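The values are calculated or read from the model by the stated rules, or taken from the named source; none is laboratory data. The structure displayed is predicted, hence computed values, not measured ones. Virtual Cβ from ideal backbone geometry, glycine too; neighbours counted across all protein chains shown.
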Amino acid sequence: MVKNIQRRINSSSTGNLKTRWIPPYIMLTPGIVLITFFFLLPLTLMVIYSFYTRVLGGSIEPIFTLDNYLRALTRPLYLKIIFRTLWLALVTTIITLVLSYPLSYFLARTKSKHKNLLVLAVLFPFWTSIIIRSYAWLVLLGNKGVVNSVLAGLGLPKVQLIWNETGVLFGLVQILLPYMILPLYASISGIKESIEESARTLGAGSLVTFMRMTVPLSLPGAATGALLVFISAMGSFLTPALLGGPSQIVIPMLIYEQIAILNYAFAAALSMILVFIVLIIVILFDRLVGLERLGGIYG
Amino acid sequence: MARDVVQYKPGILNRLHWNPLAFYAAIMFMFLLAPGFVVIILSFSSSTFMEFPPPGFSLQWYGTFFKDEQLLTALGISLQVAFAATILSILIGTLAAFSLSRYTIRGGKVIRLAMLAPFIVPWIVQATGLYRLFALLGIQGTIGSIIIAHTVICIPFVLLVVSAGLIAVPRSLEDAARTLGASGITTTRRITLPLISSSIAAAAIFAFITSFDEFILAFFLASPSAETFPIKMFLALRDKVDPRLTAVSTLFITANFAGVILFQRLRRAK
């Protein structure tokens, strides 16, 4: 009996329960099957298709070619779209970072008893459909929208706020703000106020303390937020489509367009370019901050 | 330190307990919440145009929504897809979280990374790949294909949230149960599962809303007979500003709000 208990304690403390009721590999199988067949397989298919040739008449043949990539990376029209996508993602990331920092700092440091409610208010848009939020911006910024009717009421001239870069940026920034605020808030909350206090005690001014203590310590949070915002902005289809219109075509819209005209090989190559850009950002993040930090935001 | 930045300045602002940072936060909250409020207010407007403030009160947009069979069908399909994707991703994701965080498995890190990857690879790329795969398999345009796609994108959320829940459960509790003679299945059922049930529920809400709101995968994979609600909304919006959608949006905002409150409760209960 004692031996039996001893054996059980030993086996469990090594992390390998001898009497598992389901072997761990069997528990993992459904997940592995799902990811392999419906995530890794389609990605592999796309890699293959991106090197296929589109022959006259429109069908795609298994003849190796680099044309799809060359087309995307040399034609000015497509290059412009790729750079516009990168540019919008970059500007969105910078604006959200600048806007979020003071707000996250406030949320982390406020002594308000409504703190939980305030964090909930940040989360709220996060959970409201992107279509609805883009729609709301149409209502607010449109030519007959709220902003313009207020301007007209004041006797001021109309401003064009949608169907251009401004519209897309408004939408993207508002939609992606929570992705930046939450990791920043978590990161700043983790900085002990005593650290800032000791810097102050040692004679640092409040600005110096903020710049030399708070900002560096919150960098991982800022990097996590920047990664999430940048990746999401790169992949967003709805916001540019609804608020930017035909003048603001980005890679995801181009991919859709190419599928609609049945040029799957080119759509696959464009997808791979998008994945490649995202991958570079993710690897960079992993080197600088560590990917495991991403796990923290939903836990 | 913090109090210097959030310092109360003398004067009127002080009496209101306001300071520049709080003032800035208030403006940001307006920016975050204003679009939602505008939509809610306009949903009760008596005008066909997006006048703001609305000229009068009316429930007409709610009436037209509940009479539109196409929209209601799409709503039914979306609910069906979201339910199925939630149940599948919770089952698969929870099992995976169990084996990955409770056992040392060879290649466990790689498997975990592969299961988290659908969160990082843009959904439009996954949609493009699945579009071709399902065409080759001959199941394109079915509701099932959308359910599979949504299950894949929900797995990372479930894995993250349930793993975090599992890490919070001390191993010693399970060991104690086992030492006292409980079998593996009893320990899991009576000790571990009850302790992580709030995490599982939170993950389920997250998965449900993700699937219900998801547009691009459904847009690529759906056939005209199996269009989800976001697709119908997108198509309606692409052409014109449709005031009926304010009513729909208000209903969604209310439902999502209930979801968020529930999620917060569960997180705190954890």
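In summary, residue A:79 fulfils each of the numbered conditions (1) modelled with pLDDT of 95 or more; (2) touching a strand residue (DSSP E or B) at 6+ places or on another chain (Cβ under 9 Å) with the single exception of condition (2). Taking the stretch B:63-121 as the range and being within 21 Å of residue B:251 (Cβ to Cβ), more than 17 Å from the chain's Cα centre (by Cα) and among the polar types (S, T, N, Q) as the test, the residues that pass are B:64, B:70, B:73. Only one of the listed residues (A:69, A:105, A:101) is surrounded by 15 or more Cβ atoms within 10 Å (Cβ to Cβ) and at pLDDT 95 or above. That residue is A:69. Residue A:182 meets the stated requirement of being surrounded by 24 or more Cβ atoms within 10 Å (Cβ to Cβ) and of a type in the set (A, V, I, L, M). Considering the conditions (1) more than 10 Å from chain B (Cβ to nearest Cβ); (2) crowded, with 21+ Cβ neighbours inside 10 Å; (3) in contact with a Phe, Trp or Tyr (Cβ under 8 Å, 6 or more places away or on another chain), residue A:85 is excluded by exactly one of them, (3).
The selection criterion, being surrounded by 21 or more Cβ atoms within 10 Å (Cβ to Cβ) and farther than 30 Å from residue B:201 by Cα, does not hold for residue A:276. Taken together, the residues in the stretch B:42-59 that are more than 7 Å from chain A (Cβ to nearest Cβ), surrounded by fewer than 16 Cβ atoms within 10 Å (Cβ to Cβ) and not hydroxyl-bearing (Ser, Thr, Tyr) amount to 5. In the stretch A:15-125, counting only helices (runs of 4 or more DSSP H) that sit wholly within it, the ones holding 2 or more residues that are of a type in the set (A, V, I, L, M) and touching a residue at least 24 places away in the same chain (Cβ under 8 Å) span A:41-49, A:67-74, A:76-109. Considering only residues that are more than 30 Å from residue A:234 (Cα to Cα), more than 10 Å from every other protein chain (Cβ to nearest Cβ) and either of a type in the set (Asp, Glu) or surrounded by fewer than 17 Cβ atoms within 10 Å (Cβ to Cβ) (or both), which ones fall in the stretch B:123-175? Scanning the stretch B:123-175 gives B:138, B:170, B:173.
Screening B:187, B:179 for residues that are without any contact (Cβ under 8 Å) to a residue 40 or more places away in the chain, facing chain A (nearest Cβ under 8 Å) and at negative phi leaves exactly one candidate, B:179. Against the conditions (1) closer than 27 Å to residue B:120 by Cα; (2) among the β-branched types (Val, Ile, Thr); (3) touching a residue at least 12 places away in the same chain (Cβ under 8 Å), residue A:195 satisfies every one except (1).
Step by step: first the residues of the stretch B:228-267, then only those that are among the small types (Gly, Ala, Ser) and facing chain A (nearest Cβ under 9 Å), then the one that is nearest to the chain's Cα centre (by Cα). Which residue is that? Residue satisfying both the conditions and the ranking: B:259. A single entry from A:219, A:242 fulfils the requirement of being assigned to a helix (DSSP H, G or I) and facing another protein chain (nearest Cβ under 9 Å): A:242. Being assigned to a helix (DSSP H, G or I), under 24 Å from residue A:92 (Cβ atoms) and either out of contact with any strand residue (DSSP E or B) (no Cβ under 8 Å at 6 or more places or on another chain) or hydrophobic (A, V, I, L, M, F, W, C) (or both) is true of residue A:180.
Could you give me the residue pairs with C-beta distances under 7 Å whose first residue belongs to the stretch B:109-138 and is in the same structural domain as residue B:159 (by TED's automatic domain parsing), whose second residue is of a type in the set (S, T, N, Q) and part of a helix (DSSP H, G or I) wherever it lies, and which are 6+ apart or on separate chains? Qualifying pairs under 7 Å: B:118/B:126; B:125/A:271; B:128/A:271; B:134/B:145. Filtered by the rule that a residue be more than 28 Å from residue A:231 (Cβ to Cβ) and out of contact with any helix residue (DSSP H, G or I) (no Cβ under 8 Å at 6 or more places or on another chain), the stretch B:88-120 gives B:104, B:106. Candidates are the residues of the stretch B:211-227 that are farther than 18 Å from residue A:256 by Cα and surrounded by 19 or more Cβ atoms within 10 Å (Cβ to Cβ); the one that is farthest from the other protein chains (Cβ to nearest Cβ) is B:226. When residues in the stretch B:102-122 are screened for being facing chain A (nearest Cβ under 8 Å) and either touching a Lys or Arg at 6+ places or on another chain (Cβ under 6 Å) or over 27 Å from residue A:252 (Cα atoms) (or both), 5 of them pass. What about residue A:175, is it in contact with a Pro (Cβ under 9 Å, 6 or more places away or on another chain) and more than 9 Å from every other protein chain (Cβ to nearest Cβ)? The answer is yes for residue A:175.
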